[in-house]
1. For V19, are the conditions met, namely being within 30 Å of R266 (Cα to Cα) and surrounded by 14 or more Cβ atoms within 10 Å (Cβ to Cβ)?
2. Give the residue, chosen from A179, A245, A161, A175, that is among the aliphatic types (A, V, I, L, M) and under 22 Å from W114 (Cα atoms).
3. Of the conditions (1) out of contact with any helix residue (DSSP H, G or I) (no Cβ under 6 Å at 6 or more places or on another chain); (2) hydroxyl-bearing (S, T, Y); (3) closer than 29 Å to A51 by Cβ, T67 fails just one. Which one is it?
4. Given the conditions (1) in contact (Cβ under 8 Å) with a residue 40 or more places away in the chain; (2) closer than 18 Å to H8 by Cβ; (3) part of a helix (DSSP H, G or I), and given that V333 satisfies all but one, which numbered condition is not satisfied?
5. Looking at the range 260-276, which of its residues are part of a loop (DSSP other than H, G, I, E, B) and without any contact (Cβ under 8 Å) to a residue 40 or more places away in the chain?
6. Among residues belonging to the range 338-357 that are of a type outside the set (A, V, I, L, M, F, W, C) and assigned to a loop (DSSP other than H, G, I, E, B), point out the one that is nearest to the chain's Cα centre (by Cα).
7. Given G240, G230, G278, which one is in contact with a helix residue (DSSP H, G or I) (Cβ under 9 Å, 6 or more places away or on another chain) and either polar (S, T, N, Q) or loosely packed, with under 15 Cβ neighbours inside 10 Å (or both)?
8. In the range 1-48, what residues are farther than 20 Å from V207 by Cα, among the β-branched types (V, I, T) and touching a residue at least 12 places away in the same chain (Cβ under 8 Å)?
Amino acid sequence: MTGIYLDHAATTPMRPEAVAAMLPLLEGGFNPSSIHAHGRAARAALDAARAEVARVLGAAPREIVFTGGGSEADVLAIVGAARARATDGRHVVVSAFEHHAVLRAADQLEAEGWNVTRLPVGSGVVDPAAVAAALRGDTTLVSIMLANNEIGTIAPLAEIAAAARARGVLVHTDAVQAAGWLDLDAGRLGVDLLTLSGHKVNGPKGVGALYVRRGTPLAPQIVGGPQEHGLRAGTENLAGIAGFARALSLAEAERTEAAPRVAALRDRLQAALAEVPGVFVLGAAAPRVPHVLAVAFRGRRSDALLMALDLEGVSASAGSACAAGSLEPSHVVAALGLGPEDAAGVVRFSLGRTTSAAEVDAAAGIVRRVIGRIDAAGV
């Protein structure tokens, strides 16, 4: 398709190398659980992909569990860890602007009798001191996302994890938006559980992974066969896993070059949009991942702006694609405490490894032109 795609935080186009890794397994992939020659070949492909993902995380292959996506991995981490440690305590801590998968998993636990503390994030960053203060004698799990999917702010995760683990509390992070942009070494981050998703790193949709530190108690949420070390039943999506592993590995290999280049493009777009009256950037004072720029267009409506941009060939979003269709400000925007005039006009522009300076400049010009028309029409 033609046009300017600035919604990479929602999904990324598949890179050719990921497609190439998938094709032989789509055409001739077999069941990795079978013991015959065909099954052993499939198992070898699965093992190779697991090792590829493990290398990115500085982990052992045994610590990687493949899932049907990031949301499933989040639920396995939150509900699985909480249930596995139910006898140690029934209190979990999350931030108010986690991905819906984490928040809904916390809601589910709450309905089952757990206590849930939802930490405020008015500054756009979770305060490690607030996490430490929220810990109780019955706290068993903390889940704080590494990079927020709507405003791009980066959590001081190593500091948070150190405080939690010193109290014997498990730490999970949703690192879906951080993959390919930040160092994901699980040991340096200090986490016990870490979520990834294939389609955020130019890999296929419908596949993800959960890092599970060796010895971490976890109750499976999909039961049946013994696949994925007994933590996720069902025949693995072998082709999808291979494509995901290749895309993640390449994203990590390119990270030191891609991250500063894309950050410079984001800053270029941010500077150009600063010329629009009544504009401010969400999370601008905090460290951010290179590819996400969330802008509040004060006094305008994001739905009108996005429709107008779409007609001009620019794809962006009002926040998480998981909340698409809602006319209300997202829970992330609500957690930041913005006033109604600002919250109603938030737009997320998210760049990718293929975004060019020419596209950024053209998009900025289109945004300014569209804003001018909207202001003139009083929409």
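1. yes
2. The conditions single out A161.
3. Here T67 meets the rest and fails (1).
4. The number of the failed condition is (2).
5. Selection gives A274 alone.
6. By that ranking, first place goes to G352.
7. On inspection, the qualifying residue turns out to be G278.
8. Passing the criteria: T2, I4.
The values are calculated or read from the model by the stated rules, or taken from the named source; none is laboratory data. Quick caveat, the model's predicted, so the values are computed rather than measured. Counting neighbours? That spans all protein chains shown, and the Cβs are built from the backbone with ideal geometry, glycine included.
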